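Participant: This is the structure I have questions about; it appears just below.
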Amino acid sequence: MYRLRGHHIFCLLGYRGMGYSKEYVENMTHLHQTLRANPKTLVQLVNGPDQLCEKYPNSGEYHCQDNDIYQMDAVILEKIGLKIGQILTWADIESQIQKHVIPSDIQTVCGTCSWRSYGVCEEGIQMILQGKGLREVK
């Protein structure tokens with residue numbers, strides 16, 4: 001079972017193999033590939049740092065504890081219709097995204113994210129809406 005905070009759900013949708021450090025990318029790629037290959041993988045929604053935050057580089061401000069990040073987590077979970085503490089499969093999370101999210105939501109709920117300008121998260125949501133799951137990362 002993986003522990004995920006709210007905004008990392010959207011990060012996984014847009015993930016294309018880029019990240020903050022080599023170790024972070026390896027960790028994110030492993031999780032992404034696991035969920036893509038086995039959507040029945042269990043995920044527990046947590047408040048605060050999760051298994052992706054564990055590999056965030058220690059090179060300055062640790063944004064995983066930033067109040068803005070906690071706020072983004074809460075907004076995204078509310079948008080998807082999920083709550084902290086829930087344990088569900090990645091497939092269930094994708095199903096909730098299909099019911100409650102549209103690509104343009106990224107502009108609103110992820111307004112402060114530095115990765116937003118790449119446009120990949122909207123593409124990731126569109127893939128989920130089309131029933132294609134997570135995009136393959138090579």
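Participant: Using r as the Cβ-Cβ distance of ALA37 and ASP68, and R0 as 30 Å, what FRET efficiency do you calculate, to the nearest 0.05?
Facilitator: Rounded to the nearest 0.05, the efficiency is 0.40.
Participant: Another question, then. I'd like to know how the chain sits against the 2.2 N^0.38 Å rule of thumb: what's its Cα Rg over that expected value?
Facilitator: On the way: Rg = 13.6 Å, N = 138, 2.2 N^0.38 = 14.3 Å.
Rg over 2.2 N^0.38 Å, computed on Cα atoms: 0.95.
Participant: Given a Förster radius of 35 Å and the C-beta distance between HIS100 and ASN58 as r, what FRET efficiency does 1/(1 + (r/R0)^6) yield to the nearest 0.05?
Facilitator: Here the calculated transfer efficiency is 0.50.
Participant: By count of other Cβ within 10 Å, fewest leading, how are HIS63, HIS8 ordered? Intermediate results must be reported in sequence, preceding the final value.
Facilitator: Details: HIS63 12, HIS8 26.
So the ranking, lowest neighbour count to highest, is HIS63, HIS8.
Participant: Given 0.36 nm per residue, what is the gain on full extension from LEU88 to GLN44 after removing their alpha carbon distance, in nm? Display every interim value, and only then the final one.
Facilitator: Values: separation 44, 0.36 × 44 = 15.84 nm, distance 0.66 nm.
Difference between extended and current length: 15.2 nm.
Participant: Tell me, HIS32, HIS100 in order of fewest to most beta-carbon neighbours within 10 Å?
Facilitator: Listing HIS32, HIS100 from fewest to most nearby Cβ atoms yields HIS100, HIS32.
Participant: Something else: How many angstrom lie between the Cα centre of the stretch 25-65 and the Cα centre of the stretch 72-132?
Facilitator: Value for the Cα centre distance between the two parts: 15 Å.
Participant: Right, something else. For the pair GLU78/GLN126, report the inter-label distance in nm, with labels modelled 7 Å from Cα in the Cβ direction.
Facilitator: Result: 2.8 nm between the two label points.
Participant: Report, ordered by chain and residue number, the lysines lying within cross-link reach of LYS132, taken as a straight Cα distance under 23 Å and ignoring same-chain residues fewer than 8 apart.
Facilitator: List returned: LYS40, LYS79, LYS99.
Participant: If the reach is capped at under 17 angstrom between alpha carbons, list the lysines near LYS22, excluding any in the same chain fewer than eight residues apart.
Facilitator: By straight Cα distance, LYS22 reaches LYS55, LYS138.
Participant: Moving to a separate point now. Quick one: compute the contact order of the stretch 9-138, relative version, from alpha carbon pairs under 8 angstrom and 6+ residues apart, as a percent.
Facilitator: Values: 138 pairs, mean separation 46.6, N = 130.
Rounded, it is 36 percent for the stretch 9-138.
The numbers here are math on the coordinates, done by the rules we state, and not lab data. Values in this document were obtained by computation on a predicted structure and should not be read as measured data. When we count neighbours, we look across all protein chains shown, and the Cβ atoms used for this are built from the backbone with ideal geometry, even at glycine.
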